[in-house]
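Just so it is clear, none of the values below were taken in a lab; they were calculated from the coordinates. Small disclaimer: the values here were computed from a predicted structure and weren't measured.
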Amino acid sequence: MSDKFEKSELIKNIPLIPLRDLVVFPATLVPFIVGRPSSIKALEKAYEQDKLIFLAAQMDATIDNPLPKDIYSMGVTARIIRTVKSDERNMKVIVEGLNRARIIEYLSTYPYYQIIAKVLKEKEDDSPETRELLQRVLSLFEEYLKVNQNANIDSIIPALRENSTDRIADIISSHLYLPLEEKQNLLETVSTKERLRRLKFLLQESLVNTFGREPSAAGKRRAGRETAQRTFIPGAQFKKEEQPNEIEELKRKVAEAQMPPDAQEKALKEIERLETMPPMSAEATVSRNYLDWLISLPWNKKSREKRDLKEAEKILNQDHYGLEKVKERILEYLAIRQLVKNPKGVILAFIGPPGVGKTSLGKSIARATGRKFVRLSLGGVRDEAEIRGHRRTYIGAYPGRIIQMIKRAGTKNPVFLLDEVDKMSMDYRGDPAAALMEVLDPEQNKEFLDHYIDTDFDLSQVMFIVTANSVDPIPKPLLDRMEIIRIPGYTEDEKLQIAKKFLIPKQLKAHGLSPSSLTFSDQAILKIIREYTREAGVRNLEREITSICRKMVKKVVTRGKDYHEKITPKTVENYLGVPKYRRLEIDKQDEIGVALGMAWTEFGGELLTFEATKIQGKGNLMLTGQLGEIMQESAQAAYSYVRGKLYDLHMGKELEKNFDIHIHVPEGATPKEGPSAGITIATAIISLLTGIPVSKKVAMSGEITLRGKVLPVGGIKEKLLAAYREGITEVILPVDNKPDLKDLPKKLKQGLKIHLVENMDQVLKIALTRELLPRNGTPSEERREESPVVKEKTPPAVSKEPKLTN
């Protein structure tokens, strides 16, 4: 492909690399570092084809993953001259700028940018006025080079003599020390004459303002003498004369920033270093960036905090339904602020399934307290430098994301939401969870040290809120620094109220519908909840309501604004189609060898069916259904208990001689883990071997020991919600889980008969439809026991256990 394009020529499928703080001009050789994965892929793609690539500057260099709107549309086509891998993550590239071009269309943005570009023809202009302008600009540029010690005159001057007028203008543009916006303006000036006029003005302004020189013949001779003299004088004094305005401005900003003594000392030392540097050097740019960060941080800026408890309670109730414990804890915090002038920062951890309002609750807290709100998503973060920043010795170094978010907030006491902390990981670059320990420790975060800022920043007044779906992936030392507030899933009644008070009004407003044009009956909402969603939160419920609103908008547009409709259970299917979920078949007859267990996942509670069958063999146990290691061990313990029980019933020897037992948990593609299926597996096996059916109205959860003891489990509310949702009427739980029943919704307690048990004998009396025969072959005189739920006064302690996950 030639270096000259016709005006109308389009280049299709050309890879694009967005550049930070760099504008490349035609007819120039430019080296730069590429580090972003998308840019490296674009470079590799261009190298595989014809080595042509499109280069355009970012509007904001701090954006790591710029969108098309963040990239200037005017750039240059360039040819890759050379690539060298500088380290494991970065690549050094040398390119030659070819022609101006404008982005017409983005074909793709992932895994790299690919565009259609239109090449702009650079018009030749050889008029007398243009030649005169060129001579004046060359004269000013030569004077500019002489007083700028950082310029290589020997390599620049020959290039100016060997090129056309438009190329000369571009070469001069590339060698001027100008802000990014000004260089981009020169690039977008296609007319050579207009570009030369702009260069003349910029050179005159630079010589007067930056170097303190008048562009005259006498000035040129004086500059030559001064340059010769300064060859033998240390550069500090010279640089002071070069940039007095910038240095004084920086000192003024440092004084106004109200930094701590240590930070102020570092800033002033950096200004002294900047005075001795050539203004166009790369090192000077690094120093300016560092000083900009120090100056822009809110060292002593605080939001005025609201402490009105009634107002805060009103805001929390406006934004969220229920969540009484969380709201109570926030109001307690505000009450403490009224009595204690400077209390320590608080770190709250909201643990709960997706869609229950953890993130939105953080925004409400910020609104209720009058603080700024910032959110940092930690999902997928695996580099410690993401938290602590890079040292300034690295090319392209920036502060960590903690400091970046504090700068964005503009105050030192925002509500800082660390979202999805359980989704962090680690690799050879360090463990970000370890770096978070200092951030979230009230005893240490008063002196948080970011590697880039290299001075302490006080995070003690920040209100940190951490969200996670599960506590298991969070390292224990990090978890120890948080106050855990569990946000369980919602009941059907709570979802109904949330839909009526929050979700439906929100979506009606978003779709331009009036409350009278679309209404929902309670039964219609419940049908959506039961048959179109299966979740602990309300995210999918909102999605289904949105779908109905979209279809309703189409009807209003086609039939007129007066059209209105009420959604009933019968019309729900017209909008949402066939129901996505159905209840478990619990209304059929009781079955032998089939028992219902209750599972707890990070997405809420679920019911699992455990099936047992016997096949010819020698008493072995076979497990299928993608069961985890802990669940397999629990099944082995249950089987050992059953074999001991069967010896009491004179059936053990027959089992060893004739049968193998096969346990299967349906939905084999879903992994399942945890010990809480122990009593369910034991019940299914005993039912199979004795021929006594298991009641289909009973679901159970509990860990089993070899002696038949039933141990406590976790996730009680989520499990009971799942049982209630599926129409179960009775549940069996360990007696040690009684404290977990205290905060259950009243309707849940009324709708479920909860049996609290201590051993397997009690489980079997409740779960099996008839009694087991004792050793003497006569029926037991004991009757089926049912343990009441709320009559014990002193509940025993509950130990937590790994979740049964599916």
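Checking the table 200/266; 325/709; 506/580 against a 29 Å threshold on Cα-Cα, which pairs fail?
Pairs exceeding 29 Å: 200/266; 325/709.
For the stretch 708-760, max minus min Cα coordinate along each principal axis, in Å, sorted largest first?
Projected onto the principal axes, the Cα atoms of the stretch 708-760 cover 30, 20, 16 Å.
Starting from the amide H of residue 390, placed 1.01 Å from N in the peptide plane, find each other amide H under 5 Å away whose residue is 5 or more places distant or on another chain.
Residues meeting the criterion, in which the H sits 1.01 Å from N, are 398, 400, 452.
Would you mind listing how long the stretch 380-528 runs along its three principal axes, going by Cα atoms, in whole Å with the largest first?
For the stretch 380-528, the Cα extents along the three principal axes come out at 63, 34, 30 Å.
Students often get this wrong, so check it: of 251/301; 500/566; 314/423; 69/551; 69/251; 645/738, which have C-alpha atoms separated by over 25 Å?
Beyond 25 Å between Cα atoms: 314/423; 69/551; 69/251; 645/738.
Can you spot the aspartates and glutamates whose alpha carbon is less than 14 Å from residue 310's alpha carbon? Ignore those fewer than 8 places along the same chain.
328, 332
Amide H to amide H under 5 Å from residue 377: which residues, 5+ apart in sequence or cross-chain, H placed 1.01 Å off N in plane?
Excluding prolines and chain starts, which carry no amide H, the hits are 419.
Given contacts defined as C-alpha pairs under 8 Å and at least six residues apart, what's the relative contact order of the stretch 100-144, whole-number percent?
RCO, the stretch 100-144: 29 percent.
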